[in-house]
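Participant: The structure is given below, and queries will be raised subsequently.
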Amino acid sequence: MPIRTNRGRAAVYRRLWGWPMRSPTHLVGTVILVVALVIAAGLLVPRLVRDGGAGAASPNAPQATSDNVAPATEGSAEPTLDRETLPTRLSEPLVTPTTAEPAPEALEVVKEWVAAWASVPEDGDQDTWLEGLRPYTTEEFLPQLRTVDPANVDATKVVGEPEVRESYPRSVTAEVTTDGPTLLVTVIETDDGWRVTDYTEADG
């Protein structure tokens, strides 16, 4: 006879939940049953999901093809690529910069920069020295010049004209002689005109 009242259902639920606690044997049996159900679910659910995913694929679905894929040979696991049709790593050779006649403005900036470099203030103030170089120097190179101590500049003036060592359409490297060391100065063309981006001392 079916249970039709909430009180009767509650009594049945209490009996069911209380059954494992009646004895250690009931408790152990309940634990074993729960563990077995969990293991069975862990084994069955992945199989059902895998079988369902395989069945969902349409047998009439088009297969991916490529003109560059050669047919698989007998016993091979994967198709091989036709190496003759594969693109090379570099489609074009690297372009070598072409030389060009140095712009007179570039050489003038080189000479003015070296003159400012050799014009160290009497008090050796670095900020004053850098301000003299600023009009001829790129903004990126100015912070690097802060590593130079003006007191170590062993020159007072430019001697002679700049001599070109390398010249390209937008960069020029020239050698400038002073009454101290000889400098190799590189200038580049920027939106603000030609500006010094590097220099080294050719003499020790």
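Just so it is clear, none of the values below were taken in a lab; they were calculated from the coordinates. Quantities reported herein were computed from a predicted structural model and do not represent experimental measurements. Please note: Cβ atoms are built from the backbone with ideal geometry, for glycine as well, and neighbour counts cover all protein chains shown.
Participant: Filter the range 174-183 down to the residues that are surrounded by 21 or more Cβ atoms within 10 Å (Cβ to Cβ) and under 15 Å from Val109 (Cα atoms) and list them by number.
Facilitator: Ala174, Val176, Leu183, listed by residue number.
Participant: I've got another one for you. Anything in the range 129-170 that is touching a Pro at 6+ places or on another chain (Cβ under 8 Å) and buried (at least 17 other Cβ atoms within 10 Å of the Cβ)? List them, or say none.
Facilitator: Trp129, Pro150, Ala155
Participant: Pairs under 7 Å by beta carbon, first residue without any contact (Cβ under 8 Å) to a residue 60 or more places away in the chain and over 23 Å from Val120 (Cα atoms) in the range 152-176, partner surrounded by 13 or more Cβ atoms within 10 Å (Cβ to Cβ) and acidic (Asp, Glu), six or more apart or different chains?
Facilitator: Partner pairs satisfying both residue conditions: Glu163/Glu175; Arg165/Glu175; Arg170/Glu189; Thr173/Glu166.
Participant: Answer with yes or no whether Arg146 is in contact with a helix residue (DSSP H, G or I) (Cβ under 8 Å, 6 or more places away or on another chain) and free of Cβ contacts under 8 Å to residues at least 12 places away in the same chain.
Facilitator: no
Participant: Then there's this: With the condition kept exactly as written, say whether any residue in the range 122-138 is of a type outside the set (S, T, N, Q), touching a Ser or Thr at 6+ places or on another chain (Cβ under 7 Å) and not in a loop (DSSP other than H, G, I, E, B).
Facilitator: The answer is yes; a qualifying residue exists.
Participant: Now for a different question. Could you list, in sequence order, the residues of the range 124-166 that are under 15 Å from Thr197 (Cβ atoms) and polar (S, T, N, Q)?
Facilitator: Thr137, Thr138, Gln144
Participant: Of the residues in the range 180-204, how many are farther than 14 Å from Trp117 by Cα and either in contact with a Cys (Cβ under 8 Å, 6 or more places away or on another chain) or assigned to a loop (DSSP other than H, G, I, E, B) (or both)?
Facilitator: 5
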